[in-house]
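Enquirer: Dropping a structure here in structure tokens format, bear with me for questions.
The values are calculated or read from the model by the stated rules, or taken from the named source; none is laboratory data. These numbers were taken from a predicted model, which means no experiment stands behind them. Neighbour counts run over all protein chains shown; Cβ positions are idealised from the backbone, glycine included. Side chains are part of the model used for accessible areas, which takes the heavy atoms of the whole protein and leaves out ligands, DNA and RNA. Shrake-Rupley method; radii C 1.70, N 1.55, O 1.52, S 1.80 Å.
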Amino acid sequence: MEDTQNSAPGTLPPAQAAKLGAPRRAADAQSTTKRLQTELMQLMTSSAPGISAFPSADGNLLSWTATIEGPDDTPYAGLTFKLSFAFPSNYPYAPPTVLFKTPIYHPNVDFSGRICLDILKDKWTAAYNTQTVLLSLQSLLGEPNNASPLNGEAAELWDKDPAEFKRKVLGRHRDVDEE
Amino acid sequence: MSKEELNERKKRVFDWVFGQSKSQPRTTPAPRFIPPSQNSGGPLTNFTHDRNESNQHIDQVLWDRSWRTVTENLALPDYPSHLDPIQSWNPEMKTAGAGFSEALQDLLSPQTRLPRATYTEDIIAWYTSQVRHHFMRQVLPILPELQDEIAPQVLYKTITILETVHRLYLNRLSMILEDVTSMRHLSSPRIMRRFHRDLHAVISNLVTPKIAASLQTVLKWNVSTILGLPSERDQRKRQMFVPTAETRTTARVRDELLRMIESLRNVGLAGEKFQIMFAEIMNDLMTDYVLLGCEGIWSDPRAQKRRNGRRTPASTNDRQESILPRTAQHASPSKCVRELCEWIENRYAKLVVQVFQVLDGTEVKHAKGPLIQVEKWKEISIGHLASLRTNELFDIILKWPHSSAALDDLRTAITTPQRRLQLTNVFAQTLNERLLHPGASTLQILQTYISMISSFHALDHSKVLLDRVAYPLQLYLCSREDTVRIIITGLLSDAEDLQRNPVGSGGEKLVELASLLNEDEEQLGQKANDEELDWHDPDWLPDPVDAGPGYKRSKNADVIGTLIGVLGSQDVFIKEFQNIIAEHLLKNDGGFEREVKVLELLKARFGEAPLQSCEVMLKDIQDSGRVDTVIRRNQRLDPSDEEIRIANASFDPHEGVGLVPEGVLKPSLHAKILSRLFWPQLHDESYRVPDSIRKLQKRYEDGFRSLKASRKLTWLHALGQATVVLELTDRTITEEVHTWQATVIWAFQSDQPDDAPVRKSVQELTEKLEMEEALVRSALKFWASKLVLEEIEKDVFSVLETLNQEDRARSNAQVTASTAAVPDDTALVTNDGITPEKMQMYWQYIQGMLKNSSSQMPLQQIAMMLKMLIADGFPYSNEELQEFLGWKVAAGELEFVGGKYKLKK
């Protein structure tokens, strides 16, 4: 009798474990964490040129910072853009929230950095990942979707006056200082 | 009876029968303040009808007439419109006129005097409703509005006006009551009471909402002054809050307040609503006091002082006993609780009792009632304190052991299972938010855990609370890989520095454990298991009601035991301990006093059997020393006296610190002989050792065989240390290195000093030394970082015989750097150094990190991020990472500025 009562150290009675509810929640968070770790590993091992991303410095795996270099032959050539990724806790079943941190002049990006891109909204599937999103964004820089602009002026200038467009791009671009 | 009187009476009878005589002016019955249509309610309108319909009912007519007389007399004057509300209004106070009394008699007892009057009405009810109307129409509109006035003034004006109209109403009522006293079936006190009740109901319902805000402001201000609390606006005073003693001002304010409450009661504003308001204010101020007086005060500096003060300790104790509520009596009171209870008793309860007395209008004696309530208030205030402390608990624990007073507070308060549950719930949540996330280092978590164990033990000897909050923490610790290692290095670290001062806990090791282990030494003697049977224990308490089924009592906090319990079982712990102690034993020479001591302590805790192999390991090392001496003497491996003399002469004792003379002229060999079965899995990479060493090993083997015939030596080449002296053209380098590093540099040895620097490719070295490529590369990298080798083309290294100026500067910098941070190589069992294949991947991570997360990061943070983000874990120590980053700095890819690494642009 005495022995059954004194369970081994470290193993708590199941009732108590269930009450704390830690394992279940941990399991959910675990799968998101695993997925993000895997994505990070993939990004690190097979890096595509011009894009990179990494979790933020406070160690929160759900919040990343990414860098995109403007592709050559576009008005954005030679510029780098910082973005923030906020992953929801049910990622990858919901898209991350992606914002441009660097001010950018682009038909599909508004002045607070919000992006109009279908795969970040209704076209999102769990098959996408950080790398594909970054590649899509990189190509969006060269081929804006002028049919549904967030920045009407930019959409207009893109077709009419490339020189003025380039001037505006350079005028708006600023390197964001961290810290 | 005089004639005149008789006449008078006759006249009165005549008047009764035939109505008012012409001599009396016939005023309109309508009182001035009421529109005629609403005149005096039912009876009068009926009166006209009746008179037209029938004159038979003389009684009725008489009654109506009396009614008119009385109502005219009782008519209430309008509030004079020209009066400024500030001026006081002095309405005319009437006394009963002629005929009034008679008429009143009729109205009061119609059954006996006018039995046939059909329509009668209660004059008092009528008067009450008149008063109500008057109040609504005349008084209510002129009560000052709050918006543009200062709170106390509004209040005092309202009170003045209400007092005046009160006087007016009562004056009229007293006219009635004068006559009532002569009646048998009515009692004037009862009527008075009813009237008061009705009037107060009207007033308190109509007026209280209007003045509630100002009343609250005034009350709050007054009460907080009396209780010695600073007002909400006075931030400076709030921050440096010191409970003040009662002064003359507080006494004055108290009198004022009591007077005000008395007038409020008189005018009927001290009803239920007022009492609720007062109760709310008192409750708020109690919370406020607890917050101001106790927040963040976790230590008890005054306790000591007070004990040394004038009062003798005994009398202090007596006072404390009496000041506490009975429920908290058993605990030793802390400063906060004591002050709180004193405050409740001397100020809070005093005020409340006084207010109650005023409200009741009686002199309540300090009987049992208030005393019980004072007890209750103390309990409530301690409850407030408990919830404050519960919210602060995490910080209190971080401050431990400088926060014992706060824990005392909490212990006084957590007397019910509900409060205990609340405590653990709140704490578990804080713990999750503030500690159990990747941002906290394992060391930090463990330190907090140690504080938690001790604090919760102080809080609740039964461990029930700790078990409830610690479970998520334990789970989390199990998910951290470095937990065990940190615990063990903590146990093996020095609790005292060289000057025998205790080492602070801010360092990178868990030195708390070492000191705890030392303290435990004495306590372990008496076994805690017998506690259940100790019938002489005066402090025995039953198991707490909320203890779980697996509950086991234990008396001391047993930090180390609990920590080891975290790891699931002692096996994990002992295995890791074995690994770490093996590392220590192989790497260092000397007596290993600390290891022996820790081992002894652990044996006392776990028993002999599980630690047997550690015992053998230690014995191996100690035996090795003796065997080594014997073999070296037998095989004549020791340098001769002649050699020692030459060696001493050839080198300056000031320079090569730690170099023994025996190694200077020819290679020398010492061995540690290990019993293979008892040691953890060790490196067994093999390679060709240098010939001279090979010869020495052979002689050593022979010596061993002659000493212990049945046993054979197997060499573990990769383990061990070598002291290497390199003589280059322009400098001499002495390094303590691994044997395999020594072997690689030996391969570069050139016998002809005039030759061009030796060149070797990685390929050549791998073949020649029969060594794994990773190991070769690692060693090459090491020597390159020491500026002994240089990579002249890809995978081809040559000796740097001479250094140019720039290199020399770097070399010096490295020497100082390496003395500043002696690399602590802990990777005995795993691979040594960061291998090139893996390096590429880690480098990607570090680049990604510095590019995106933060442009500059300290070493610790990089290490933490790597450990967290790489799914397979990052198996290297901070020192290895530092070394690796050092190469990157040397290669010009990184910059190291102000303790932080950043990418070179």
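Enquirer: Can you give me the distance in nm between label points at B:LEU903 and B:LEU421, each placed 7 Å from the Cα along the Cα-to-Cβ direction?
Expert: Taking the two extended label points, one gets 5.4 nm.
Enquirer: Net charge within 15 Å of A:LYS168 by Cβ-Cβ distance, Lys/Arg positive one each and Asp/Glu negative one each, not counting A:LYS168 itself? Spell out each step's value before the answer.
Expert: Working: positive: A:LYS160, A:LYS166, A:ARG167, A:ARG172, A:ARG174; negative: A:ASP110, A:GLU153, A:GLU156, A:ASP159, A:ASP161, A:GLU164.
Here the charged neighbours net out to -1.
Enquirer: I would also like to ask the following. Would you mind getting me the FRET efficiency between B:ILE792 and B:GLN860? Use the beta-carbon distance for r and R0 = 35 Å, nearest 0.05. Working shown, then result.
Expert: Values: r = 36 Å, r/R0 = 1.02.
According to the calculation, E is roughly 0.45.
Enquirer: Can you tell me how much longer the chain between B:ASP122 and B:ARG248 gets when fully stretched, taken as 0.36 nm per residue apart minus their C-alpha distance, in nm with one decimal? Present the calculation step by step, with values, prior to reporting the outcome.
Expert: Numbers: separation 126, 0.36 × 126 = 45.36 nm, distance 5.30 nm.
Difference between extended and current length: 40.1 nm.
Enquirer: Past the 21 Å Cα-Cα mark, which pairs from A:LYS166/B:LYS851; B:LYS672/B:LYS695; B:LYS786/B:LYS888; B:LYS376/B:LYS399; B:LYS619/B:LYS712; B:LYS350/B:LYS378? Let's see the in-between values first.
Expert: On the way: A:LYS166/B:LYS851 26 Å; B:LYS672/B:LYS695 17 Å; B:LYS786/B:LYS888 14 Å; B:LYS376/B:LYS399 32 Å; B:LYS619/B:LYS712 18 Å; B:LYS350/B:LYS378 13 Å.
A:LYS166/B:LYS851; B:LYS376/B:LYS399, as the Cα separations exceed 21 Å there.
Enquirer: Further, regarding this structure: For region A:26-172, what does the alpha-carbon gyration tensor say about shape, rounded, prolate or oblate, given a ≥ b ≥ c as the root eigenvalues, a/c under 1.5 as rounded, and a/b over b/c as prolate?
Expert: Numbers: a/c = 2.36, a/b = 1.89, b/c = 1.24.
Cα axes put region A:26-172 in the prolate bin.
Enquirer: I'd like the accessible area for B:THR743, computed on protein heavy atoms only with a 1.4 Å probe and all protein chains in place. Round to 10 Å², please.
Expert: Result for B:THR743: roughly 0 Å² accessible.
Enquirer: Now a separate question. If R0 is 25 Å, what FRET efficiency do you get for B:ALA609 and B:LEU677 from their C-beta distance, rounded to 0.05?
Expert: On the way: r = 15 Å, r/R0 = 0.62.
Computed FRET efficiency for B:ALA609 and B:LEU677: 0.95.
Enquirer: With all protein chains present, calculate the accessible area of B:HIS584 using a 1.4 Å probe and round the result to the nearest 10 Å².
Expert: 50
Enquirer: Any chance you could look up the accessible area of B:LYS781 with a 1.4 Å probe, heavy atoms only, rounded to 10 Å²?
Expert: Rounded to the nearest 10, the figure is 80 Å².
Enquirer: Could you list which residues have their amide H under 5 Å from that of B:LEU800, counting only those 5 or more apart in sequence or on another chain, with H placed in the peptide plane?
Expert: Residues meeting the criterion, in which the H sits 1.01 Å from N, are B:LEU789, B:GLU790.
Enquirer: On average, how many beta carbons from a partner chain sit within 10 Å of the beta carbon of a residue in B:866-878? Please report the intermediate quantities before stating the final value.
Expert: On the way: counts 0, 1, 6, 10, 4, 7, 2, 0, 0, 0, 0, 0, 0.
The mean count of partner-chain Cβ atoms within 10 Å per residue comes to 2.
Enquirer: Right, something else. Would you pull out the residues with amide H under 5 Å of B:LEU726's amide H, same chain only if 5 or more places away, H placed 1.01 Å from N?
Expert: Correct list: B:ILE733, B:THR734, B:GLU735.
Enquirer: Just counting partner chain Cβ atoms within 10 Å, what average do the residues of peptide A:57-65 show around their Cβ?
Expert: Values: counts 12, 7, 11, 4, 3, 0, 1, 3, 6.
For this peptide, the per-residue mean of nearby foreign Cβ atoms is 5.
Enquirer: Quickly work out the B:ARG193-to-B:GLN697 label distance, labels modelled 7 Å from Cα along the C-beta direction, and quote it in nm with one decimal.
Expert: In this crude spin-label approximation the distance works out to 11.2 nm.
Enquirer: Order A:121-130, B:166-175 from most to least packed using the mean count of other Cβ atoms within 10 Å. Each step should come with its number before you reach the end.
Expert: On the way: A:121-130: 12.6, B:166-175: 18.6.
Final packing ranking: B:166-175, A:121-130.
Enquirer: Sorted by mean Cβ packing within 10 Å, highest first, what order do the peptides B:260-270, A:107-117 take? Don't skip to the end; give the middle numbers.
Expert: Working: B:260-270: 20.3, A:107-117: 17.7.
Answer by packing, highest mean first, reads B:260-270, A:107-117.
Enquirer: Residue separation times 0.36 nm, minus the C-alpha to C-alpha distance between A:GLU156 and A:THR80: what's the value? Write down the numbers at each step before the final one.
Expert: On the way: separation 76, 0.36 × 76 = 27.36 nm, distance 2.37 nm.
This chain segment gains 25.0 nm when fully extended.
Enquirer: Which entries of A:LYS123/B:LYS867; B:LYS867/B:LYS904; B:LYS768/B:LYS794 show an alpha-carbon separation above 28 angstrom in the structure shown? Spell out each step's value before the answer.
Expert: Details: A:LYS123/B:LYS867 34 Å; B:LYS867/B:LYS904 24 Å; B:LYS768/B:LYS794 19 Å.
The answer is A:LYS123/B:LYS867.
Enquirer: Count, for each residue of B:848-860, the Cβ atoms from other chains sitting within 10 Å of its Cβ, then give me the mean as a whole number.
Expert: Working: counts 12, 7, 2, 8, 15, 11, 7, 4, 3, 1, 0, 0, 0.
That average works out to 5.
Enquirer: For the pair B:ASP395 and B:GLU801, how long in nm is the line joining their label points, each one 7 Å along Cα→Cβ?
Expert: Result: 6.9 nm between the two label points.
Enquirer: For Cα pairs less than 8 Å apart in space and 6+ apart in sequence, what is the mean separation divided by the residue count of region A:26-172, i.e. the relative contact order in percent?
Expert: Details: 225 pairs, mean separation 28.9, N = 147.
Relative contact order for region A:26-172 comes out at 20 percent.
Enquirer: Per-residue counts of other Cβ atoms within 10 Å, averaged by peptide: what ranking do you get for A:64-73, B:58-67, highest first? If you can, show how the numbers build up before the last one.
Expert: Values: A:64-73: 18.6, B:58-67: 21.9.
Sorting A:64-73, B:58-67 by mean packing, highest first, produces B:58-67, A:64-73.
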